[in-house]
Amino acid sequence: MVTTPARGRGAGFWLRWSWRDFRSRWIAILAIGVVLAIGIGVYAGLGSTATWRRQSNDASFAALAMHDLRIELSPGTFVDQGTLLDVVSGIEDGSSIDAVAERLVVDSQVDTGSAGIESALVPARLVGMSFGDGRPVDEVWIRDGSAPSDGSTSSEATTPVGVLEAKFADFRGLPTAGTVTIAGGREVDYSGLGVIPEDFFYEGPEGTIFAEGELAILYLPLAPTQQLADRPGQVNDLVMTLGDGADRDAVEAQLTEAVNRAGLGATVSTRDDAVAVRILYEDIDNDQRFWNALSALVLAAAALAAFNLVSRIVEAQRREIGIGMALGLPRPQLAIRPLLVGVQVAVVGTIAGVAVGYIVGDAFAGVLESFLPLPDYRTGFQAGIYAQAAVLGLAVPIVAAAIPVWRAVRVEPIEAIRTGHLTAKSNRLTDWTGRIPLPGSTLTRMPLRNVLRNPRRTVLTAVGVGAAITALVAVLGMLDSFDRAINRGGDEFTRGGSDRIIVQLDTFYPSDSSVVAELDQVADVGRIDAALRLPVTALAADGNEDLDLLIELVDLDTARWTPTVIDGATPTGADGGLLLARKAATDLGVGVGDRVTLRHPVRTGAGFALTETEVDVAGIHGNPIRTFVIGDVSLASVFGLQGAANLVHVYPADGATRADAQRSIFDLPGVTSSQPVARISEAIDEALAQIVSILLVAAAAVLILALLIAFNATRITVEERQREHATMRAFGLPIRSIVGTVVRESVVTGVVATVIGLAGGVVFIQWMLRSLATTTLPDVGIDLYVAPATIIVAAVVGIAVVALAPVLLARRIATMDVPDALRIME
Amino acid sequence: MADRVAFDETGSEAVDASIGHAGTRIDLDELTKRYQVGEVEVTALENINLHVDEAAFVVILGPSGCGKTTLLNMIGALDTPTSGSVKVAGIDLGRASSGERAEMRRNTVSFIFQTFNLFPALTAYENVRFGADAARRSDADDRTRMALDQVGLSPRQDHFPHQLSGGEQQRVAIARALASGNPILLADEPTGELDFRTGVQILQVLEEQARAGMTVLVVTHNREISRIADRVIELSSGHIVADGPPAGGPARTSDLQW
C-alpha cells in the first residue's frame, strides 16, 4: 500500500504549516488584510448607519406626531381661524382624522443682535401653533430649555415667548433662552431650543440646503403669532394625523376637492411630500448605495490584492504541488495549503474589519447627530450587518485564492515539477509586442516589456489601485459637481450685482404702493425692482412627473437683475413665454418652443382660485435649481396680479453696504424678510466646507489604500524579479538604476490605474448623480464635473504614490544576497 | 581573434583602460571565506592562493559544495572574503566599497550562469544589449549585433528566451557577457542545464573567446570539461588540491565525451 506524506494528517499539521507560511510573508498578508478590513469596515460601519437612521427617523417622527396631511394656503392668503377646520370636518372620511391643528406660518426677519450675540439679520419663519393643547400633531421637541409657559400662550402676553429652532441657534451660537427682534421691531423671547418634525431638515432661503444659519424658525403659540403678523384671528395652514387604517390617499383627494370647492387657493400635501421626510428617508438609501459602492470598490481592490498574492504563492509552490501530484496526493489536499493563505487574509481582514467598522460607525454616528439632531437617536450594534460584513470578509479572499489554486492543481505533474528554462511559458501578447521596436537602452525598455510580459498581473494590480482611485475620484468628483452647480447658481443669483437683496413682502402690493415706494426712499437703498413670485405646478406631458415650481416675474427689459438665457430667447410681453431651468425642462420632457401647462393660483376678488394655463417655453435659464421659473412681469395678468408685487430686488446706494441697506429696511411695514443673494452661496459654501473636511479624511484613507495595494503589488514584483535584480547587480548596475526600472514599471501600472480610476470615478459619479437627481435632490440640476485638481490628485495617488512604493523596497534590493538569488531555480 | 580586435577598436575609453593594463590579472592571497548557517560556521574556502594571468582559459573543478562557486563569486566581486585578499585588475576587492565592486562588475568581469538568468521580458537582442548598456558602452548596438553574430544567433535576435532552446539561451547569455566588452568571463556550470551536444557547442564558444585573448574561468564539476582548459584548478572542501594543465595537455572540444 502506497502512502503519501500528508494523507491522513489532521488539522494540526495544516495549521502548523500555514503558520510557518504566515511567518514568512506576514507583511503581505497584513497589508492585504488591512485593505480588506477597510472595505468590510466601511461596509459594516456605514451599513449600520442606514438602520440607525431609519429607526431613529421612525421613532423621532412618531414621537412628535408628524402630520399625515397638510393644507397650505397660497402665499399671502389667510382665512379666519376655524375655516380650515370646517373644510376638514366636512369631508366624507372626517372620522378617520385623529388629530388636527390650524397654524399660522408667516415669513419674517430676525435680528439676533438683541440676544446679546453678534447682530445678524436673517430671514425667519414664524410658526404659530398649539403647545400641548388637544391631541398632538407636529409637536415641538424641546432639546434645550423649556416650552413656553401657559401664561405666554395668550395674545395678551406682553412679550411673546416661543422656541427657537435648535440648528439655527447652534450655528449662530445663540444661548438656550434669550430674545430676538423680528421684522417690525417686535421683540420675541424664546425659552428653549427645539424643532418640529417637518423641520428636522429644511430648505433655506432660495431653496438652499444645509444652510441652517440662514433661516431662523420660531415656534410660537398661535395667538401671539397672529398678533406679531398683524393677522389677528387668521390662519393659513392646517396639519392633521390620521387614525390607524385610514386611507390617506382617499382623504387627500377629499381634502383637495373640499379646498377647491371652498374657493381656497391651497395645496394639500402628504407627509411624504415634506422635505424633511423625503431627504431623511431617501437620503438613507442614496447614502447607503454610495457607501456600499465605495466599500465594494475597496473590497474589489482587496480581492485583487489577495488574488495577486495567492497567485504568486501558488506559483512559488508550483513544484511542491507537482511533487504532491507525483506522490499521488488528491487535488483537494494539494489545494489546502495555498487556500489557507486566503484564510489567513480572511481572518486578519475580518477581525480588523469589525474593529474598523465599529470605529467608522461610531465616528459617523457623532457626525450624524451633529448634522441632523433628532429627539430619538438609535445607534445600537447591528449584528446582522456585521455578520454580512464578516461573511464578505471571509469569502472574498478565499474565493480570490481558490481561482489560482484551482488552475494550479489542474496542470500535469510533469509540468509542475519542471525547473529552469523549461518552465518558461509563451505569451501571445509578449510575442506580438516583442516585434514592436522600443527606443532607448534596455533599461528604458525593460519596464514596458515587463508590463507587457505579464499583462494579466499588470491589469490586476492596475484594477486594484484603480478601484481605490475610483473611490477617490467619486468622492472628490461629487464635490466638484456640487461645487460647480452651486457656483453656477451663485453666479446666476449675483448677476447684475453681488449686493442685490431679495426683499419678501408680507402680501401682494401694487407696484406703485407706498410699501414699495418707501423701500426706494430709504437712504441706503440705491435702486429697487419690484417683482412677483408665486408657486405653480407644471403639468408634465407623456407621463413625466408634475413639478412644483416657483415662478418669478420681473421686468426683463428694465430690471437690473435678469437671468442668463443659455438656450432660446428672453421672453417679451404676455405671450412671450417662460424661462425654465434645464433640469425642469428635462424632467417635464419639454424643450424650447414647446408649451407647458401650469396649474396656478389666480386672484378672484379677495381670494385665489386654481386654474390651468398653457405657456410657451421661451428658453432655458442658467440657474441649476429646478424650482425657479422666470417670466416677464407682463405675464402677471395670467395670475390676475397685473401691477402687483410681493418681492422687491433692492440694491444698496453708492457707499452703503448690503448690511446697511438690510438694516435700513428691517423696520419698514410690509417687509417680512430680506436676504442678500451673495449670502446664499456663501452659506452653502460654508456648509460644503464642513462636508469637504469629512471627505478629505476619506480621500486620505483612499490614498493609504492605494499605497497599500501598490506596496503589496510591488513587493510581489520585487520578490518575483529577485533573480533578475540579482543579475543586474551581477552586471554592476547601481541600486538606483535597478530601483529606477521598478519605479518606471510602477509608473506604467500607475498610469493604467489612474486611467481606470478616472473612468470608473466618472461612471460612479454619473450613477450617483442620476440617483440623486431622481430622489434626494430632484430640485438641483447637477452636471457631472471633475475638476482639474481632482484629476491631479488622482494622478498623484495613482502614479506618484504607486511609483513611490518601489522606493520603500529599495533596501530589500540593496541587501539581497546576490549569489544566493542567482542560484534560485525557476 | 578578429572579432575581439574589432571589440577593442570600437570600445569606449573605459574598455581600453581595463584591457590595456594589467587589468585582467587575478591574484588571490590566503583567501578564506566562512559562512554562518544557523548556528554552524561553514568554511567554504580556506587559505587559497591563486594567480591567473591575462588571456588564460582556466577550469575550476570540484564536486558540489567544494567552494568553487564561492571562489568565482569572490573573483567576480559578488562576495567579499572573510580574510585574505582578492585582487582583480590590481584592485583589492576585499577593501573596495560596494560602489567600486559594482564598477568592477560593470567594466571588468562578466558572468555566465548555469540557469542563464536571462531577462524573460526582453528579446535575445535586448538581453545581449543589456550587457553593453550595463557597461555603458556608447556603441552598444554595434557590440550587440557583433556578439550575436559571434554566437550564431543573429537570425534569432527578436525571439524571447521562452522561444529559444536551452543551448540558444545560454548562447544569448554568452553574447550578453561578450557585448559588455569586459576582459574577464566567469562561467558557473555553463553546461549544467544542457545536453551533451549543446554543452559542447557552448564550450566551443568559450574556448574561442579564450583564444581571442579573453580571460575565461569556467566552474564545473564535470572532469571531462576540464580537458579543454589551459589550466585546471581542482578544489576539495575549500582547498586547492591540484593546479596545472590537464593531463595530456588541452584537448579539442570535439574530443570531449560525457
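A few remarks follow.
- Sites A:Ser513 and A:Arg248, calculated FRET efficiency, Cβ-Cβ separation with R0 41 Å, nearest 0.05: 0.45
- For the protein assembly as shown, a crude dipole built from +1 on the beta carbon of Lys and Arg and -1 on the beta carbon of Asp and Glu, taken about the Cα centre, is about 7260 debye to the nearest 20.
- Alpha-carbon centroids, segment A:63-104 and segment A:479-551: separation in whole Å: 29 Å
- As a rough footprinting exposure proxy, the listed residues A:Lys167, B:Lys68 were ranked by other beta carbons within 10 Å of their own, and the order from fewest upward is A:Lys167, B:Lys68.
- Whether the protein assembly as shown is rounded, prolate or oblate, judged on the alpha carbon gyration tensor where a/c under 1.5 counts as rounded: prolate
- With a 10 Å cut-off around each Cβ of B:73-80, the average count of Cβ atoms from other chains is 3.
- Stretch gain in nm, segment A:Leu808-A:Glu719, where the contour uses 0.36 nm per residue and the Cα spacing is subtracted: 30.7 nm
- Computed E for B:Ser138/B:Thr80 - FRET, C-beta separation, R0 35 angstrom, nearest 0.05: 0.65
- Percent RCO, i.e. relative contact order, over segment A:500-656, from Cα pairs under 8 Å lying at least 6 residues apart: 37 percent
- 3J(HN,Hα) along segment B:186-197, derived from phi through the Karplus expression 6.51 cos²θ - 1.76 cosθ + 1.60 where θ = phi - 60°, amounts to 10, 10, 9, 6, x, 10, x, 9, 10, 6, 4, 4 Hz, with x in place of Gly and Pro.
- Residue-by-residue Karplus 3J(HN,Hα) for segment A:93-98, coefficients 6.51, -1.76, 1.60, Hz, glycine and proline x: 9, x, 6, 7, 7, 8
- Residues with amide H under 5 Å from that of A:Leu549, placed H, sequence gap 5 or more: A:Val536, A:Thr537, A:Ala538
- In degrees, nearest ten, helix B:124-134 long axis to first principal axis of chain B (Cα): 60 degrees
- With only Cα atoms counted, segment A:69-273 has Rg and Dmax values of 17.0, 53 Å.
- For chain A, with +1 on Lys and Arg beta carbons and -1 on Asp and Glu, the positive-most of A:Ala101, A:Val702, A:Gly622 along the dipole: A:Val702
- Among A:Ile27, A:Ile486, the order by Cβ neighbours within 10 angstrom, fewest to most, reads A:Ile27, A:Ile486.
- A Förster radius of 35 Å combined with the Cβ-Cβ distance from A:Thr657 to A:Arg378 puts the calculated FRET efficiency at roughly 0.15.
- Placing +1 on the Cβ of every Lys and Arg and -1 on the Cβ of every Asp and Glu, with nothing else charged, gives segment A:69-273 a dipole about its Cα centre of roughly 420 debye.
- Among beta bridges that DSSP assigns inside the protein assembly as shown, antiparallel share in %, nearest 5: 75 percent
- Of all complete DSSP H helices in chain A, those with a Cα span along the helix axis of 27 Å or greater and a mean Kyte-Doolittle hydropathy of -1.0 or more are A:26-63, A:283-316, A:331-371, A:383-408, A:455-493, A:677-720, A:735-774.
- The label point for B:Ala251 and the one for A:Asp594, both projected 7 Å from the Cα toward the Cβ, are 9.6 nm apart.
- Normalised by the number of residues in chain A, the average gap of Cα pairs under 8 Å and 6 or more apart makes the relative contact order 18 percent.
- Relative contact order of segment A:69-273, taken over Cα pairs closer than 8 Å and 6 or more residues apart, is 36 percent.
- Listed from fewest to most Cβ neighbours within 10 Å, the set B:Ile240, B:Ile112 follows the order B:Ile240, B:Ile112.
- Mean-position separation - Cα centroids, segment B:189-207 and segment A:606-654, in angstrom: 95 Å
- Separation of the A:Thr564 and B:Asp53 label points, Cα + 7 Å toward Cβ, nm: 9.0 nm
- 5 angstrom amide H check on A:Ala124, placed H, neighbours 5+ away: A:Ser108, A:Gln109, A:Val110, A:Ala216
- Of the residues B:Pro155, B:Ile60, A:Ile313, the one whose Cα sits farthest toward the positive end of the charge dipole of the protein assembly as shown, with +1 on the Cβ of Lys and Arg and -1 on the Cβ of Asp and Glu, is B:Ile60.
- Centre-to-centre separation between the Cα atoms of segment B:43-102 and those of segment A:780-805: 53 Å.
- Taking amide H atoms as placed 1.01 Å from N in the peptide plane, the amide H of B:Gly84 lies under 5 Å from those of B:Thr32, each 5 or more residues away in sequence or on another chain.
Where a number appears in this text, it was derived from the coordinates with a stated rule and is not lab data. Since the model is a prediction, treat every value here as computed from it, not as a measurement. Cβ atoms come from the backbone with ideal geometry, glycine included; neighbour counts cover every protein chain shown.
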